[in-house]
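What follows draws every value from the coordinates through simple rules; no lab data is involved. Since we're looking at a predicted model, the values are computed, not measured. A quick note on method: Cβ atoms are made from the backbone with ideal geometry, for glycine too, and the neighbour counts reach across all protein chains shown.
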Amino acid sequence: MRYNPPISRRGLVKGGLAAAGLALANWPLPVWALPALEAGETVLPFIDGPQPGPPARGLHWPDLDSWITPNEKFFAVSHYGTAKVDAQKHRLEISGWVERPRTFTVAELKSLPKVTETVTLECSGNGAAKTFMGAAGNANWTGTPLAPILKECGIKPEGVEVVFWGADQGKEKIREGTYEQNFARSLSVPDAMSPTNFLCYEMNGSRLPVEHGYPLRLVAPGWYGIASVKWLTRIEVLDRRLMNRFMGRDYVTIRGVQRGGKTLWMETSVGKQNLKSIIARVTRRRHAQGPESLRMFGVAWTDGTPIKTVEVQIDEGAWQPAKLDSEHRAKYAWTFFTYDWADAAKGRHTLVSRVTDAKGDVQPAADDPSILQKKTYWEANAQYPRQIDV
Ligand SMILES: Nc1nc2c(c(=O)[nH]1)N[C@H]1C(S)=C(S)[C@@H](COP(=O)(O)O)O[C@H]1N2
Ligand SMILES: [Mo]
């Protein structure tokens, strides 16, 4: 699926909400074509604390105006800096517990069957701080499916994990020693063999940008961003589990679970994407005839499980169904929603959204035991209330 709308900022100036009411042309557009501001529409700033984002790169939620995140606005997280790789000399090696180890050039991978998928990536640390809120984006990623390549190499029965190694490296202190290590993450053999994973070399129709993994990265749809290893050099099948920094120490969630009336502390490696939604902005809409109304606009995503509903709640009132964008949908991509609020009373209001998926999972409230018992910030998906003054 390919969709790459033109980018227009139409009156929204980066970081400057005060300017939002200015320079609005009179061109009412269907909201999904470009859900930025319509004529006569102004942004109501959130008043509860600092505005989300923007980090060095990444989304500033109130400015969200395209389903596809342009490459230059897409957040980048690189633990050992940006690796500089010579694509001509670059090789992808497939080794370890396989019958037929292989090496591919990038050109060879490009000659294999090509897929383009719209996939939302979110860093599992997104929301860890008020200044780290924009680490999510949605792009069209192009590459070749991973499963047929692994099948061709033949994973031996001893293989339990598939490790994806990046070209980037750094020093890690482990007990008494310091060791130079490459970035790596692993997936179990069944997870790695999922037909959805692919080796990616294009982002939004352009060559994969250097900071996003040029010339080659994994894209693992439905998983938190960390699974999608950039600057991919080696895929290695192991007969045991990898327990490096990114599997076993960092990116580990500590969660209390109830077992037989006792709290058990569980440490698990960051995994698949938790269902999540956020109200990105609230606007005031003045109509030629009739009263003005407020519109909430936001976005929701899951691990690929279809979204059943997105609801919004105003000041502890009943949950009201939001309208889902029916035009821009893809299994692993985020979905826009809107809620038109006709009779907003003057004063301060608290607004929040929640998404429910087809399995019946509901995005938890911040005071839900599952959130209160989660002691590390990874995989944060609590409902996110926002305050506005009407
Ligand atoms: N080689 C390598 N791959 C990596 C990382 C990294 O530091 N090195 N960071 C991971 C993390 S934590 C995230 S959230 C995603 C971010 O992808 P992006 O930088 O393209 O947005 O890349 C993942 N892949
Ligand atoms: Mo991340």
Worksheet item: List the lysines whose alpha-carbon lies under 22 Å from that of Lys110, not counting same-chain residues fewer than 8 positions away?
Response: Lys84, Lys89, Lys151, Lys230
Practice prompt. Compare Arg100, Arg185, Arg295 in a GNM of the chain, Cα atoms joined below 10 Å, and give the one with the largest fluctuation.
Written response: Arg100
Fill in: Mean separation of Cα contacts under 8 Å, 6 or more apart, over the residue count of the chain: relative contact order %
17 percent
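Normalised radius of gyration for the range 113-199, please: alpha carbon Rg relative to 2.2 N^0.38 Å, two decimal places. Show your work: numbers first, answer last.
On the way: Rg = 16.7 Å, N = 87, 2.2 N^0.38 = 12.0 Å.
Against the empirical 2.2 N^0.38 Å value, I get 1.39 for the range 113-199.
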Discussion item. Connecting C-alpha atoms closer than 10 Å in a GNM of the chain, tell me which of Leu372, Leu324, Leu232 has the biggest fluctuation.
Written reply: Leu372
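Give the Kirkwood hydrodynamic radius (Å, one decimal) of the range 149-191, defined as one over the mean of 1/r across all pairs of different Cα atoms. Numbers along the way, then the final one.
Details: mean 1/r = 0.0803 Å⁻¹.
Hydrodynamic radius (Kirkwood, Cα only) of the range 149-191 equals 12.4 Å.
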Worksheet item: Which percent of the Cα-Cα distances in the chain go past 37 Å?
Response: 25 percent
Worksheet, complete the sentence: In terms of the charge dipole of the range 305-381, which places +1 on Lys and Arg and -1 on Asp and Glu at the beta carbon, the residue among Tyr377, Val362, Thr350 farthest towards the positive end is Tyr377
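Counting only helical runs of four or more DSSP H residues, what would the 222 nm mean residue ellipticity of the chain come to if each run contributes -39,500 (n - 2.57) and the total is spread over all its residues? Provide the component values of the computation, followed by the final result.
Working: 4 runs with 20 residues, N = 390.
Calculated mean residue ellipticity at 222 nm is -1000 deg cm²/dmol.
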Worksheet item: If you build a Gaussian network model of the chain, linking Cα atoms that sit under 10 Å apart, which residue out of Pro306, Pro291, Pro45 swings the most?
Response: Pro291
Worksheet item: Taking a point 7 angstrom from the Cα of Ile254 along the C-beta vector, which residues in the range 150-177 have backbone N less than 12 Å away?
Response: none
Fill in: Estimated D of the range 240-390 in µm² per second, where Rh is the Kirkwood radius over Cα pairs and Stokes-Einstein applies at 25 °C, 0.890 mPa s
141 µm²/s
Worksheet, complete the sentence: Semi-axes of the range 160-276 from the Cα gyration tensor (sqrt of 5 times each eigenvalue, largest first, whole Å) come to 27, 19, 14
Item to complete: Among Ser78, Ser111, Ser186, rank each residue by its count of other Cβ atoms within 10 Å, from fewest to most, as a rough exposure measure.
Response: Ser111, Ser78, Ser186
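If you average 1/r over every pair of different alpha-carbon atoms in the range 312-367 and take one over that average, what Kirkwood value in Å do you get? Provide the component values of the computation, followed by the final result.
On the way: mean 1/r = 0.0752 Å⁻¹.
Kirkwood hydrodynamic radius for the range 312-367: 13.3 Å.
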